[in-house]
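The values are calculated or read from the model by the stated rules, or taken from the named source; none is laboratory data. Nothing here was measured: the structure is a model prediction, and the numbers come from that model. In this analysis, Cβ positions are derived from the backbone assuming ideal geometry, glycine residues included, and neighbour counts consider all displayed protein chains. Areas reflect the complete protein model, heavy atoms only, side chains present, ligands, DNA and RNA absent. Shrake-Rupley method; radii C 1.70, N 1.55, O 1.52, S 1.80 Å.
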There are 2 protein chains.
Amino acid sequence: MPGARNFDDLKGDLTRSYPGLSPQLQNIATFALEHPQDMALDTVARLAKGIGVQPSAMVRFAQALGYEGFSGLQRVFRTRLVERSNNHPGLRNYRERIEAFRAGHERPGPRGVLSQFVADGITSLEQLLEHVAPADLAAAVKLLAGAKTIYVLGHRRSFPVAYYLSYALTQLELRAPLLDSVGGMLREPARLIGPKDALLVVSFRNYTPEVVEIAKDCHARKVPVIAITDNALSPLARASRICFQIEEKTSMPFRMLVAPMCLAQALVVAVGEQLG
Amino acid sequence: MPGARNFDDLKGDLTRSYPGLSPQLQNIATFALEHPQDMALDTVARLAKGIGVQPSAMVRFAQALGYEGFSGLQRVFRTRLVERSNNHPGLRNYRERIEAFRAGHERPGPRGVLSQFVADGITSLEQLLEHVAPADLAAAVKLLAGAKTIYVLGHRRSFPVAYYLSYALTQLELRAPLLDSVGGMLREPARLIGPKDALLVVSFRNYTPEVVEIAKDCHARKVPVIAITDNALSPLARASRICFQIEEKTSMPFRMLVAPMCLAQALVVAVGEQLG
DNA sequence: GGGGGATTGCAACATTTGTTCTATGTATGT
DNA sequence: ACATACATAGAACAAATGTTGCAATCCCCC
């Protein structure tokens, strides 16, 4: 078996033969895919030290892929590097392209849709960073870190965000149950939420009525409510102690979840730092 | 005089000192500027032979530019190569901005965490656009639009993405049930998936075993499987007909969901366009 | 529990690498 | 025409590289 001559084929070979490799060689494989530049330029010794393996393991890895030695494998990474640096479209070219799909003039089809989403997603994230007040963020983190139980609520398109929050906060060994309506029970547990707890609620328009009502109810009962919603006119803005407003200024006919998801992950990590 | 550290400075040094160089060194200089890639990767001996000089001349050339030896000079060409390959379309535009984020808000605390997430999220999205093959995307859309039933599968941190896919595809009036394990039933419905259906599976490391096994099973039974996973070594890469690999090149110790979520939304919209 | 195969660590090996040294050649200026 | 300074070529050297062989270890199957 001769070794692959280009990087894509190499990736294919790797996925195919990965399961049959020894644990050590698997380690090397993951490293190779995650640090292709190092693989291209570093020496065997340095790479081996970086991975925590003997240089011989590198050679065996290359041989397992059909190359005569490590050099043959490295050649693939090197050619990839020079090719990537060669087909460098001019900067002018790229600027036009980004403007094009920013403006929505990119040719249609699935690829166009993806470019559009990526562009809007980036805009979304930039706006997120701009609009979130550091004070709010700090307050929310403190609140969450100190709450007895964090109840997480979000339905329909907001549910993925809510689920993630519950999942990840639980990983931090916090009590963070998800308020869902499995079996039709939703309002009942909500009544048990107290001022020492916290309600983390996610909703965008049009705001699911049940969700809004639970938030209002809790807020009225002095439960600290943290909301993730779209703008200042949201009913959640009036029914929360801290409200993250993620404005939507995209070309899409419906809400993107990129920014809310990002905020959710950042929140969780910040809470984790606060605790540990 | 210390040698220049980056390629542009090196070019400046060269133009300045070129007239005072010996004819042979001038030859080397022109070659170096005309074949920067060879200068980055080849050895002294091969380069010297290519130019028609002795290896020692290469060393003297480097020393004439202020480097200790040829290796120091070559380092400049190498870093140029990796930088050019990093500034690939997409990354270029926002790199400065990301650096700004990092520089401006690196200090710890919730705000720092958020800016870090935003920066990594943007990088993520750009890599998404770069790595997704348009052909794969088109094929996936066609497959999904034509499937009798689309089964959606994803657990733990991948569940939000899976849920969203199921939710949004259902909004398009497609049959897109979520394969969950409520009540412990997961394997049974999976057996009913046939070649006219499709399985849309999301999983990242470490890949939930149940999920992987269902995907493998379906793939073996000729069910079209579309996977969203992290890299070429994922078991899903081997158990799918179409595989979207969302590489993870962030500073975070765990997976970000920004890019997968974005891909999911783009997929849904593209399917919608295909239908309508 | 023990035997056999695969896997890994270690060290020695031959080769190649970058560098340096010296001798030869070459141009320049007096 | 000669001396001097410089440029070049070639060989020699030490360091580092990629590679291989062997022994120790782990793990699985009988």
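Odds and ends about this structure:
- Residue count, the stretch B:54-77 (criterion: within 12 Å of DNA strand D (Cβ to nearest atom), of a type in the set (A, V, I, L, M) and either open to solvent by less than 20 Å² (accessible area, probe 1.4 Å) or within 14 Å of chain A (Cβ to nearest Cβ) (or both)): 2
- The condition of being modelled with pLDDT under 95 and open to solvent by 10 Å² or more (accessible area, probe 1.4 Å) holds for only one of A:Ser166, A:Ser181, that being A:Ser181.
- The number of residues in the stretch B:168-214 that are of a type in the set (Ser, Thr, Tyr) and over 24 Å from the mean Cα position of the chain (by Cα) comes to 2.
- Condition met for A:Thr30 (near DNA strand D (Cβ under 9 Å from one of its atoms) and within 13 Å of another protein chain (Cβ to nearest Cβ)): no
- For the stretch A:114-167, the candidate set comprises residues that are more than 9 Å from chain B (Cβ to nearest Cβ) and among the β-branched types (Val, Ile, Thr); within that set, the residue that is farthest from the chain's Cα centre (by Cα) is A:Thr149.
- Considering the conditions (1) open to solvent by 20 Å² or more (accessible area, probe 1.4 Å); (2) touching a helix residue (DSSP H, G or I) at 6+ places or on another chain (Cβ under 6 Å), B:Val212 is excluded by exactly one of them, (1).
- Residue within the stretch A:250-263 that is in a strand (DSSP E or B) and modelled with pLDDT of 90 or more present: no
- Every residue from the stretch B:224-241 that is over 13 Å from B:Phe204 (Cβ atoms) and either of a type outside the set (A, V, I, L, M) or surrounded by fewer than 22 Cβ atoms within 10 Å (Cβ to Cβ) (or both): B:Pro224, B:Arg238, B:Ser240, B:Arg241
- Single residue of the stretch A:253-262 satisfying the filter (more than 7 Å from chain B (Cβ to nearest Cβ) and open to solvent by less than 30 Å² (accessible area, probe 1.4 Å)) that is farthest from B:Met256 (Cα to Cα): A:Arg255
- Members of the stretch B:33-53 found to be within 9 Å of DNA strand D (Cβ to nearest atom) and either of a type in the set (D, E, K, R) or more than 22 Å from B:Arg80 (Cα to Cα) (or both), listed by number: B:Gly52, B:Val53
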